[in-house]
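The values are calculated or read from the model by the stated rules, or taken from the named source; none is laboratory data. No experiment lies behind these values; they were computed from the predicted model shown. No Cβ is skipped: glycine too gets one built from the backbone with ideal geometry, and neighbour counts run over all protein chains shown. Side chains included, ligands, DNA and RNA excluded: accessible areas come from the protein's heavy atoms. Shrake-Rupley method; radii C 1.70, N 1.55, O 1.52, S 1.80 Å.
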Amino acid sequence: MPADNSFWYKLSYSIRALFRREKTEKELDSELSFHLEAQIESNVQSGMSPEAARQSALREFGGVELAKDECRDERGTRILEHLWQDIRFGARMIRKNPGFTAIAVLTLALGIGASSAIFSVVSAVLLRPLPYPNQSQLLHVHETHFGSTASTNFSYANFLDVQRNAKSFENVAAYRPWTFNLTGSGDAEQVFGAEVSGNFFSALGVHPFLGRMINAEDDSLGGDNRIAVLSYAVWQSHYGSDPEIIGKTTEVNSQQYVIIGVTPQTFKLPEYAKMWCPLVPAGKLHDNRTSRLLTVIADLSSGKSLTAMRSELSSVAAQIQNENPGVTPGLSLDAVPLKESVVAPIRPALMTLLIAVGLLLLIACANVANLLLARGATRKKEIATRLALGAGRARLISQFLTESLMIAFLGGTLGCAIAWWSLKFIVALNGEFPRFGEITLDWRVLGFTLFISFATGIIFGIAPALASLKLDFNASLKERAPNSSGARRGGISQPLVALQFALAMLLLIGAGLLGRSFVRLVNVNPGFNSENLLTMRVFLSPVRFPENDPRAAIVLRQMLEQVRAIPGVRSAGLVNTLPITGGAATDFVIQGRPAPLPRNEPVANINIVYSGYFHAIGIPLIDGREFTENDTQQSARVMIINQNMAKQFWPNESPIGKRVTMKNWGPPLTGEIIGIVGDTKADGIAADVYPMIYWPYFQFPQNFNAFVVRTDGDPSRMISAIKERIWSVDKTLPISGIATMDQLIYDSLARRRLNMVLLSIFASVALLLAAVGIYGVMSYSVSQRTNEMGIRIALGAQPRNVLMLILMQGLSVAALGMVIGIGAAFVLTRLMSSLLFGISATDPLAFGAVAIALTIVALLACYIPARRATRVDPMTALRNE
């Protein structure tokens, strides 16, 4: 028979033998009987008596059962048969012990499910490549300036210089986030998107889903720049997936734009962008080196190294400084992989969660290992009997591992369901992760879950399997009471419980630190009154309202008057950037003082406000006066500063009447300080308060504006009335970003809240598992030491002495774990310092509170078995002896 046919014959026979065992065994019996009878007949024909012929044939065969085993080994069925036997036996054991199975499976499912959910987030955010064909070559190019290690965006002029002079790149492209007003059909809508250079899409290697992308001819001055590329989502939602959309027009910022393309469904740069239009420099943008508005990306030329690229960028930066002395002092240029720049802000939090969920998985494994060790100790007689009947120790190890792998498989299956639910929970919390929309349970996660399930099955199954190798079956068979020596198993279980407490200590301290940090954040005074305060954004089209157009102020004043006239509205104001949400900054110079060196100029945040803003939002006036409608472009330029700036630069005098020059927003502008207001958190609750300069809207008009409206009651009930009043002035202006200030503050803490909630959940599960672990060990220890407790009581020991004995035994195990956990926490919690606010990574209150909580949990977990030990009947114990 050819070799390949022999292989397939053996394979088909093995499968048939596994699933049709009775028939296969009958065939084997018939075949052996045929050969035996043939040998007997041959022996008879050679002159032997029938009885002698049979005995000779049997001797030649060496035993029928042995011959059967040899046939099974030759045909490859033995391993499959043993495996099938182990699976069936494991299934019977699982059905026989439903309580044990449920606890073990649920414990593993919690660990595996949580691990898989966090790995899904890590896989999507950190591991999965960006959805661009040339993603490995894409870089984020940024500026850095003297005296600061923080990278910044690019000015347009510097971007053009890099684009012209850096030869290490195939493309140097730029974009700036922008807001577009879509009008002309139905209510006006505000769409977030970006203005992009002509080579933006080619740099990313993105091809259109429909039509074409913006190219190098589309962003040139004087060309037909009124074109737009839509996102796949907007094409579906706003234009009904119209296949004939290419070439149609839509009204963007009060102008007719031609739709030239639709991006692929996976394209999302910048995040949440829905429309892209050409970046066309207006005014003096070409020459501007101080307004850093652009994000620059580049794709590295094939064969170019990062070292050569960085050297070239250094040369370009030196050339820019030489050609523009004093304009960009200390300029340096660098580039990092685009993926790294996208995920860098969230990496510390994700790595903390990944470590935490790994610790939780270890606790779950330790718990199940304890369960299996305790169960193995109760099966000593069964194991001894099987060994005495000839079972090999390898077969016993195989049986233990098969059972543990079956439990791990069930835990992994349930863990997948928990992971799916957990991901929905994480998405509902809206942690504002970059690449958040890409988080799914994909093949990577399922592969990870399969690997974890298999690994945990091996890990927690190997200990009881190895324990069976050391069993003295002669001694076990002679024992009168099956539990008489089980107490010795505590030597194996107690280290695992100590490990559980150590890991739980780590998780609880981490959760405690994040919890205390979050409480401090929530109690931070933002500098204004957020109660009953509604906010909404209105973007004035730069086409209808160009720079310094006085009509913009008139329209906004009319809108404010309409809103203030609504019953239930207490006050209303206007600002270009809401507190908490960030904003622009500028270098400034104080008139009458020695000019600082260009690289040492102080920096202040900038806000443009309409009269009545401070009263509406609840920022107190400390000194001087507020803006009025008389502060116009025809009057003297004035400004209001915050208390931080006043104390920092005029600590012993009043700044009222002093003059300050703002440098970075176009030509230098000088204004006189007319008032001081309270400090506000401009860049988030966790950020420090910095100097702030407020300009009046009439002297510094903006296209981006936010209304703040304080109401008598629930502000959400006033949304429709406020929108109607605003649109009564101009129906073409879209209203977006409608939210209460409380909601904005809540959303600003979303990422920290997500970290705290997830770590708290992991810590709570870890605490529960640790409590179950020590309860199980102490309960098992008491059950093994029933006779010992009875004898102690019979000899005069008081119940309280027995109670304290068991409690101290359990607390000693927990204390060992807590000491190890505290030592590890002192080292590891320093890694999460960037996630904390207002407390140190070794906060004594958090460490102390967790230690006390774990001690109480350990006491409660030990108390029930300890109480049971005090109720042992001494007569029963003595009778057993």
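Of the numbered conditions (1) within 31 Å of the chain's Cα centre (by Cα); (2) modelled with pLDDT of 90 or more; (3) over 27 Å from Ile608 (Cβ atoms), Met536 fails exactly one; give the number of that condition.
Going through the list (1) within 31 Å of the chain's Cα centre (by Cα); (2) modelled with pLDDT of 90 or more; (3) over 27 Å from Ile608 (Cβ atoms), Met536 breaks only (3).
Is one or more of the residues making up region 188-200 farther than 21 Å from Asn253 by Cα and open to solvent by 10 Å² or more (accessible area, probe 1.4 Å)?
For region 188-200, residues farther than 21 Å from Asn253 by Cα and open to solvent by 10 Å² or more (accessible area, probe 1.4 Å): present.
Checking Trp727 against (1) within 42 Å of the chain's Cα centre (by Cα); (2) within 24 Å of Thr586 (Cα to Cα); (3) buried (at least 16 other Cβ atoms within 10 Å of the Cβ): exactly one of these is not met. Which one?
(2)
Is one or more of the residues making up region 629-651 open to solvent by less than 10 Å² (accessible area, probe 1.4 Å), under 25 Å from Thr740 (Cα atoms) and modelled with pLDDT under 90?
No, region 629-651 has no match at all.
Sort through Val827, Val819 and tell me the only one that's within 27 Å of Ala866 (Cα to Cα), part of a helix (DSSP H, G or I) and among the β-branched types (Val, Ile, Thr).
Step by step, each of Val827, Val819 is checked, and only Val819 is within 27 Å of Ala866 (Cα to Cα), part of a helix (DSSP H, G or I) and among the β-branched types (Val, Ile, Thr).
Can you list the helices (runs of 4 or more DSSP H) found entirely within region 719-811 that contain at least 2 residues being at pLDDT below 85 and under 23 Å from Gly510 (Cβ atoms)?
Of the helices (runs of 4 or more DSSP H) lying wholly inside region 719-811, those with at least 2 residues that are at pLDDT below 85 and under 23 Å from Gly510 (Cβ atoms) span 750-784.
Among the residues of region 836-858, what is the count of those that are surrounded by fewer than 21 Cβ atoms within 10 Å (Cβ to Cβ), part of a helix (DSSP H, G or I) and not small (Gly, Ala, Ser)?
Residues that pass the stated criteria total 7.
Name the single residue, out of those in region 121-140 being touching a Leu at 6+ places or on another chain (Cβ under 8 Å) and aliphatic (A, V, I, L, M), that is surrounded by the fewest Cβ atoms within 10 Å (Cβ to Cβ).
My answer is Leu126.
What are the residue pairs meeting all of these: first residue in region 559-587, first residue in contact (Cβ under 8 Å) with a residue 40 or more places away in the chain, second residue in a loop (DSSP other than H, G, I, E, B) and polar (S, T, N, Q), Cβ atoms under 6 Å, and 6 or more apart or on different chains?
Short answer, once both residue conditions are applied: Asn576/Gln702; Pro579/Thr680; Gly583/Thr577; Thr586/Asn664; Asp587/Asn664.
Given the structure, is Arg347 without any contact (Cβ under 8 Å) to a residue 60 or more places away in the chain, surrounded by fewer than 18 Cβ atoms within 10 Å (Cβ to Cβ) and within 34 Å of the chain's Cα centre (by Cα)?
Answer is no for this residue.
Residue-wise test of (1) of a type outside the set (Val, Ile, Thr); (2) out of contact with any Leu (no Cβ under 6 Å at 6 or more places or on another chain).
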| residue | (1), (2) |
| --- | --- |
| Ala721 | yes, yes |
| Ile726 | no, yes |
| Ser748 | yes, yes |
| Ala763 | yes, no |
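Can you tell me which residue within region 556-598, out of those that are open to solvent by less than 20 Å² (accessible area, probe 1.4 Å) and among the polar types (S, T, N, Q), is nearest to Asp679 (Cα to Cα)?
Thr586
I'd like to know if region 334-356 contains one or more residues that are among the β-branched types (Val, Ile, Thr) and under 17 Å from Ala157 (Cα atoms).
Checked region 334-356: no residue is among the β-branched types (Val, Ile, Thr) and under 17 Å from Ala157 (Cα atoms).
Would you say Ala636 is more than 30 Å from Thr711 (Cβ to Cβ), touching a strand residue (DSSP E or B) at 6+ places or on another chain (Cβ under 7 Å), in contact (Cβ under 8 Å) with a residue 24 or more places away in the chain and assigned to a loop (DSSP other than H, G, I, E, B)?
The answer is yes for Ala636.
Exactly one condition in (1) of a type in the set (S, T, N, Q); (2) open to solvent by 60 Å² or more (accessible area, probe 1.4 Å); (3) part of a helix (DSSP H, G or I) is not met by Ser341; state its number.
(2)
Only residues in region 533-557 that are more than 18 Å from Gly193 (Cα to Cα) and outside any loop (DSSP other than H, G, I, E, B) count as the first member; pair them with residues that are open to solvent by 10 Å² or more (accessible area, probe 1.4 Å) and among the charged types (D, E, K, R), Cβ under 7 angstrom, at least 6 apart or cross-chain, and list the lot.
What qualifies is Leu533/Arg710; Val555/Asp730.
Would it be correct to say that Ala687 is part of a loop (DSSP other than H, G, I, E, B), within 45 Å of the chain's Cα centre (by Cα) and of a type in the set (Gly, Ala, Ser)?
Against the criterion (part of a loop (DSSP other than H, G, I, E, B), within 45 Å of the chain's Cα centre (by Cα) and of a type in the set (Gly, Ala, Ser)), Ala687 qualifies.
Give the residue, chosen from Ala349, Ala369, that is modelled with pLDDT of 80 or more, among the aliphatic types (A, V, I, L, M) and closer than 26 Å to Gly447 by Cα.
Sole residue among the options that is modelled with pLDDT of 80 or more, among the aliphatic types (A, V, I, L, M) and closer than 26 Å to Gly447 by Cα: Ala349.
Have a look at Leu414, Leu387, Leu405, Leu450 and point out the one that is part of a helix (DSSP H, G or I), at pLDDT below 75 and at negative phi.
Leu387
What tally of residues in region 666-682 results from selecting those that are in a loop (DSSP other than H, G, I, E, B), open to solvent by 60 Å² or more (accessible area, probe 1.4 Å) and touching a strand residue (DSSP E or B) at 6+ places or on another chain (Cβ under 8 Å)?
1
Please tell me if Phe528 is buried (at least 19 other Cβ atoms within 10 Å of the Cβ), at pLDDT 85 or above, in contact with a Pro (Cβ under 9 Å, 6 or more places away or on another chain) and not in a helix (DSSP H, G or I).
Yes.
Could you tell me whether any residue of region 566-576 is basic (Lys, Arg) and farther than 30 Å from Tyr746 by Cα?
So far as region 566-576 goes, no, none of its residues is basic (Lys, Arg) and farther than 30 Å from Tyr746 by Cα.
Taking only region 569-627 into account, find how many residues are in a helix (DSSP H, G or I) and either more than 21 Å from Gln743 (Cα to Cα) or aromatic (Phe, Trp, Tyr) (or both).
The qualifying residues number 5.
Regarding region 170-186, can at least one residue be identified that is assigned to a helix (DSSP H, G or I) and farther than 17 Å from Trp235 by Cα?
Within region 170-186, none of the residues are assigned to a helix (DSSP H, G or I) and farther than 17 Å from Trp235 by Cα.
Of the numbered conditions (1) free of Cβ contacts under 8 Å to residues at least 40 places away in the same chain; (2) in contact with a helix residue (DSSP H, G or I) (Cβ under 7 Å, 6 or more places away or on another chain), Gly671 satisfies every one except a single condition; which is it?
(2)
Of the residues Ser202, Ser197, Ser220, which is of a type in the set (Gly, Ala, Ser) and over 30 Å from Ile439 (Cα atoms)?
Ser220
Are there any pairs with C-beta distances below 9 angstrom linking a residue in region 857-881 that is modelled with pLDDT of 70 or more to a residue that is surrounded by fewer than 16 Cβ atoms within 10 Å (Cβ to Cβ) and among the basic types (Lys, Arg), with the two at least 6 apart or on different chains, and if so which?
Going by the 9 Å Cβ cut-off, the qualifying pairs are Thr870/Arg800.
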